[in-house]
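Let me begin by presenting the structure, written as structure tokens, before commenting on it.
The values are calculated or read from the model by the stated rules, or taken from the named source; none is laboratory data. Nothing here was measured: the structure is a model prediction, and the numbers come from that model. Backbone-built Cβ (ideal geometry, glycine too); neighbour counts: all protein chains shown. The area values use the complete protein model at the heavy-atom level, side chains included, leaving out ligands, DNA and RNA. Shrake-Rupley method; radii C 1.70, N 1.55, O 1.52, S 1.80 Å.
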Amino acid sequence: MLLARYQDELIEAGCDEAGRGCLAGPVFAAAVILPADFEHHLLNDSKQVTEAVRYRLRTEIEQKAIAFAVASVDNLEIDEINILNASFLAMHRAIDKLCIKPQFLIIDGNRFNKYASTPHQCIVKGDSKYFSIAAASILAKTYRDDYMLKIAEEHPEYNWRSNKGYPSITHRQTVLSIGYTPYHRRTFKVTMPGDKL
């Protein structure tokens, strides 16, 4: 069972992102404030649960959260500021959209660009340790998947319905054979197994 809170004195929001390692599409992030007594036996890092469970959890998170928000940074911005800064910016945008201002942030990972004067704590593998970060990972992942399914119709040859923009073998082969779409991150190097960098 995950933990409900990192600290108990301040209003705490958990933050996470999805899509950092993709070749195409935006990076999405979510910020979630959960009730102090929140618990759920299935809630975990989005990568640890099935797609069907993710969408079930998303409904429950949105119903039970005190506040939640999702935001994104598109591929053009990613190419301008790099994916690490874009991930932080997406989190900042999600925090901006919360209807309740958090007083403390817990962030999945080991780095973060400070959000205004709000104190924060980075937690490695936080999405498998704290409910609010896990909830943020579920929202970021499902909202990003929804977006990728929508744009997949414009470019079916890249098979985004299946790979969601991640660098699968077929996705990389398609990029190398027919090139980029307007949704691709041009600063991400596309290689095949065995290629010399």
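Considering all C-alpha pairs of the stretch 1-114, those separated by over 17 Å amount to 57%.
With every protein chain in place and a 1.4 angstrom probe, the accessible-area ranking of 171, 92, largest first, reads 92, 171.
Between the Cα long axis of helix 83-97 and the first principal axis of the chain there is an angle of about 40°, rounded to the nearest 10. Accessible area per residue (1.4 Å probe, heavy atoms of protein chains only) ranks 1, 91, 192 as 1, 192, 91, with the largest value leading.
Electrostatic bookkeeping for residue 49 treats Lys and Arg as +1 and Asp and Glu as -1; over the other residues with beta carbon under 10 Å from its beta carbon, the sum is +2.
Between the Cα long axis of helix 131-152 and the first principal axis of the chain there is an angle of about 30°, rounded to the nearest 10.
How much of the accessible area of the chain, in percent, comes from carbon and sulfur atoms when a 1.4 Å probe is used? C and S fraction of accessible area: 51 percent.
Between the helical axis of 169-178 and the longest alpha-carbon principal axis of the chain there is an angle of about 50 degrees. Straight-distance candidates among the lysines for linking to residue 164, with alpha-carbon spacing under 24 Å and chain neighbours fewer than 8 residues away dropped: 47, 125, 141, 150, 189.
A cut-off under 9 angstrom between Cβ atoms defines the neighbours of residue 127, and their net charge, with Lys, Arg +1 and Asp, Glu -1, is 0.
In the complete set of protein chains, residue-level accessible area for residue 55 is approximately 60 Å², probe 1.4 angstrom.
Under the definition of Cα pairs under 8 Å and six or more residues apart, what whole-number percent is the relative contact order of the stretch 62-197?
In percent, rounded to a whole number, it is 17.
Rolling a 1.4 angstrom probe over the protein heavy atoms with all chains in place gives the stretch 42-197 an accessible area of 51 Å² per residue. Converting phi to 3J(HN,Hα) with the Karplus coefficients 6.51, -1.76 and 1.60 and the offset θ = phi - 60°, the stretch 61-68 yields 4, 5, 6, 9, 5, 5, 7, 8 Hz in sequence order, with x at every glycine or proline.
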